[in-house]
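Here the structure comes first, spelled out in structure tokens, and everything after it is commentary.
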Amino acid sequence: MSTTTPPPATKRAIFEDEHHAYRESFATFLQREVVPHYEEYEAAGIVPRELFTKLAEHGFLAMAVPTEYGGEGVDDMRFNAVLGEEAARAMVANAFAGPQVHTDLCLPYILKGANDEQKARWLPAIAKGEKILAIAMTEPGTGSDLAGIKTRARRDGDHYVVNGAKTFITNGINSDQVITAVLTDPDAGHGGISLIVIDSDSPGFSRGKKIAKIGQHASDTAELFFDDCIVPAENLLGDEGTGFFQMVDKLVPERLTLAISSLAGAERALEITLDYVKERKAFGRAIGSFQNSRFVLAELQTKLTITRTFVDSLIDRHTRGEVTVPEAAMAKWWTTDLLGEVTDKCLQLHGGYGYTEEYPISRAWVDARVNRIYAGTNEIMKELIGRTMGL
């Protein structure tokens with residue numbers, strides 16, 4: 001696969017000088033530490049654990065861990081946005097998916113739900129990338145319906161006995177600690193769901209093989225199994241019965257994170273396509289000069305520009321805690337749909353070459369497809385939005 005170094009990122013008003021400097025530093029890190037090895041990661045279907053520790057050493061992992069636990073103490077989503085955007089611009093987002101799950105999706109549960117003893121026990125290794133986090137919600141029989149989980153945790157003295165299975169777990173192979181949604185009271189509905197942090201060396205815990213996916217190969221994904229798995233009761237995250245509400249509380253940043261990376265990926269796909277259509281010729285002229293090409297690219301540029309305004313406003317407002325659940329759902333649905341549209345139309349403009357692995361648009365097209373599925377399918381996003389409209 002051929003690719004090019006992405007052009008310098010445009011400085012946007014929502015970011016300050018420290019964010020711009022952070023962006024430049026991370027872009028350099030990616031070109032030095034990730035891009036040269038990306039094909040290896042894709043072929044292996046996983047990134048090495050050393051990537052997590054290297055990211056941590058440079059301040060690009062679990063930045064919100066307080067300084068007293070060995071972290072950076074930086075709780076500003078704009079820094080997280082920079083990481084997601086630059087990974088997408090460098091076209092190595094798959095390699096960064098695991099660290100992003102660790103930092104953006106899992107860590108907030110620990111920071112908000114863990115007690116002081118748990119934070120002291122877990123956070124130092126999390127901050128250093130020595131303990132890798134995963135979160136396990138989805139089960140073989142349930143998808144976006146969090147209330148439909150079947151994995152059971154039964155209290156037995158000073159420990160829980162967990163039985164069940166989870167699937168499509170990012171960091172499923174690399175993870176050391178899994179924030180797991182379980183039923184502690186099957187008769188209590190939403191109030192019967194709890195979260196337990198399960199260590200990968202717990203008796204009764206096992207992993208399935210890496211799930212073979214059509215795209216996003218460098219992101220390791222696996223099934224997890226709990227067969228009379230013994231977990232200390234002190235690993236309960238928050239109180240029993242609060243798991244569903246903890247998960248709902250984290251849906252806004254999770255979906256906004258996906259919107260940020262999806263939009264950045266779409267923008268990068270358009271950039272590489274513009275380069276291609278200006279150079280590739282047909283009938284003696286650049287294919288970008290044909291009216292159809294100009295119209296397609298003009299439409300995509302317009303949609304991306306409008307979407308950028310919306311997403312940047314959400315990033316800015318999220319720093320003040322103002323983004324609502326339906327707004328995050330809108331952002332997730334719109335940007336992931338747009339990513340699919342952009343990569344598909346850009347591949348078409350590449351012609352036959354777009355269907356080869358030599359050109360990065362082919363991988364971008366394949367990798368984009370799952371964004372409309374995870375973090376809640378786009379159909380569920382529309383349901384959530386519609387309900388807030390009184391429908």
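Taken as Cα centroids, the stretch 247-296 and the stretch 328-391 sit 11 Å apart, rounded to the nearest whole angstrom.
Working from the Cα coordinates of the chain, the gyration tensor eigenvalues give, after taking √(5λ), semi-axes of 37, 22, 21 Å in decreasing order.
Highest mean first, the peptides 115-122, 327-334 sorted by other C-beta atoms within 10 Å per residue fall in the order 327-334, 115-122. Highest mobility in the GNM of the chain, judged by mean-square fluctuation with C-alpha springs under 10 Å and restricted to 314, 195, 258, is found for 314.
For the stretch 1-153, averaging the sequence separation of C-alpha pairs within contact (under 8 Å, six or more residues apart) and dividing by the residue count gives a relative contact order of 25 percent.
Evaluated at q = 0.13, 0.20, 0.23 Å⁻¹, the base-10 log of the normalised Debye intensity for the stretch 17-131, with identical point scatterers placed on the Cα atoms, takes the values -0.47, -1.06, -1.33.
Beyond 23 Å, the tail of the calculated P(r) for the stretch 134-244 holds 22 percent of the Cα pairs. Distance between the modelled labels on residue 130 and residue 10, one decimal in nanometres: 4.4 nm (7 Å Cα→Cβ projection).
On full extension, the segment bounded by residue 295 and residue 310 gains 3.1 nm, given 0.36 nm per residue less the C-alpha separation. Placing dummy labels 7 Å off each Cα toward the beta-carbon, the span from residue 230 to residue 28 is 5.1 nm.
Values quoted throughout were computed directly from the atomic coordinates according to the rules given, and no laboratory measurement underlies them. Small disclaimer: the values here were computed from a predicted structure and weren't measured. Heads up, the Cβs are rebuilt from the backbone with ideal geometry, glycines too, and the neighbour counts pull from every protein chain shown.
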